[in-house]
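Below: one structure, written as structure tokens.
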Amino acid sequence: MNKIATPKNTKEMVEKHGFHFSKSLGQNFLIDYNIIEKIIQGSNITKEINVIEVGPGIGSLTQGLSEAAKKVVAVEIDKKLIPMLADTLKGYENTKVINEDILKIDLHQLIAEEFDGGDIKVIGNLPYYITTPIIMRFLEEKVPIQSITIMIQKEVADRMNAKPGKKDYGALSVAVQYYCTTEIITIVPPSVFIPQPKVDSSVIKLNRLEEPKVKVASEKLFFGVVKDAFGKRRKTLLNALSSGDLQLNKDMVRETLKECSIDEKRRGETLSIEEFAAITNRFAEKI
Ligand code: SAM
């Protein structure tokens, strides 16, 4: 099959199958092969690499991935797209489409059944409405993958990539950077999609660390501390941590911050991941 990622071929395929785009499933299809090449090159996909693609749509990215990778398993929720994918992926022997919800499928089982060893990378032009749950599933469930390269709303990519003290830095930055290093590959305008989204997108690569960036006594407590610290942005760290969901005693928080040499008047958005870990580990000894 010819490359589907052109305006003409995409429109023809959509008409041929009488397909209606679903806004609620975040369906915006890529029609620019240059962007597809950037995603593939930026992810270092080679014939030794297995790929899990999230949401193949009509196969725009899948065709390129299939040519570059050892094997591609593409998980698509919309059953109306399955016959269209059969059309566009005809002859792409190393590619399998699974009609499932990426948030529900057993990812460890998928890997065991579909890949016979070798490194695995996750790629996707993600449905924007569930970007964070998808990424956090791969990271929190410790799925054995090397990296995740995704096209997402630029604003969300900026938050994932932000460093302490920057305006985009928040709980999402800490959550992603606890597990991964981050790298923006390119920024993408709305004009490379059918239909066009309202905002710019970014391609961001998350390189999974062998071990999380910091050692914490309890991940639950660590993410609880992070959530409380960012929960009330205008509050000092002392006030945010002693009036948050963890319901920590104010004197204990004051003492802990002092022990960690962290000024209690600082705001959560200035703290590094190492500082969040130091506070967490002290709290863990006391509560
Ligand atoms: N990869 C294609 C491309 O670049 O042209 C399509 C990208 S489109 C932004 C997102 C795709 O994800 C759609 O095909 C949509 O049906 C699919 N999708 C949405 N929610 C999903 C879910 N929970 N599990 C799997 N696929 C999903």
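The values are calculated or read from the model by the stated rules, or taken from the named source; none is laboratory data. No experiment lies behind these values; they were computed from the predicted model shown. Here the Cβ positions follow ideal geometry from the backbone for every residue, glycine too, while neighbour counts run over all protein chains shown. Just so you know, the surface numbers come from the protein's heavy atoms only, side chains and all, with ligands and any DNA or RNA stripped out. Shrake-Rupley method; radii C 1.70, N 1.55, O 1.52, S 1.80 Å.
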**OP:** List the GluC sites (Glu not before Pro) within segment 118-218 that fall in a DSSP loop (any state other than H, G, I, E or B) and whose Cβ has at most 11 other Cβ atoms within 10 Å.
**Re:** E141, E210
**OP:** Using only Cα atoms, locate the centre of segment 25-91 and the centre of segment 252-282, then give the distance between them in Å, rounded to an integer.
**Re:** 44
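When a/c reaches 1.5 or more, the comparison of a/b and b/c decides; with that in mind, is segment 219-286 rounded, prolate or oblate per its Cα gyration tensor?
On the way: a/c = 1.15, a/b = 1.11, b/c = 1.04.
The shape class here is rounded.
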Subject >> For the chain, diffusion coefficient by Stokes-Einstein and Kirkwood Rh (Cα), 4 °C, 1.567 mPa s, µm²/s >> reply: 64
Original post:
Using the Cβ atoms and a cut-off under 12 Å, what net charge is assigned to the surroundings of A157, where Lys and Arg are +1 and Asp and Glu are -1?
Top reply: -2
**OP:** Could you work out the local net charge near I98, counting Lys and Arg as +1, Asp and Glu as -1, over the other residues with Cβ closer than 13 Å to its Cβ?
**Re:** -4
**OP:** Within segment 1-59, list the GluC sites (Glu not before Pro) lying in a DSSP loop whose Cβ has at most 16 other Cβ atoms in a 10 Å radius.
**Re:** E48
**OP:** Return one whole number: the accessible area per residue of the chain in Å², for a 1.4 Å probe.
**Re:** 47
Subject >> Cleavage-rule hits, trypsin sites (Lys or Arg not before Pro), segment 47-151, DSSP coil, Cβ neighbours within 10 Å at most 12 >> reply: K47, K90, K104, K142
**OP:** Could you check the simple spin-label distance between E114 and K3, using points 7 Å along Cα→Cβ, in nm with one decimal?
**Re:** 2.4
Original post:
For the chain, what does -39500 (n - 2.57) per DSSP helix run (n ≥ 4), summed and divided by total residues, give at 222 nm, in deg cm²/dmol to the nearest 500?
Top reply: -11500 deg cm²/dmol
Original post:
Ordering E219, E67 by how much accessible area each has at a 1.4 Å probe, largest first, what is the list?
Top reply: E67, E219
Original post:
What percentage of the solvent-accessible surface of the chain, computed with a 1.4 Å probe over protein heavy atoms, is contributed by carbon and sulfur atoms?
Top reply: 50
Original post:
Tally Lys and Arg at +1 and Asp and Glu at -1 over the other residues with C-beta under 13 Å from the C-beta of K142: what net charge comes out?
Top reply: -3
Subject >> Over 31 Å (Cα to Cα) - which of K38/K198; K80/K121; K227/K286; K121/K198; K121/K213; K8/K166 fall in this group >> reply: K8/K166
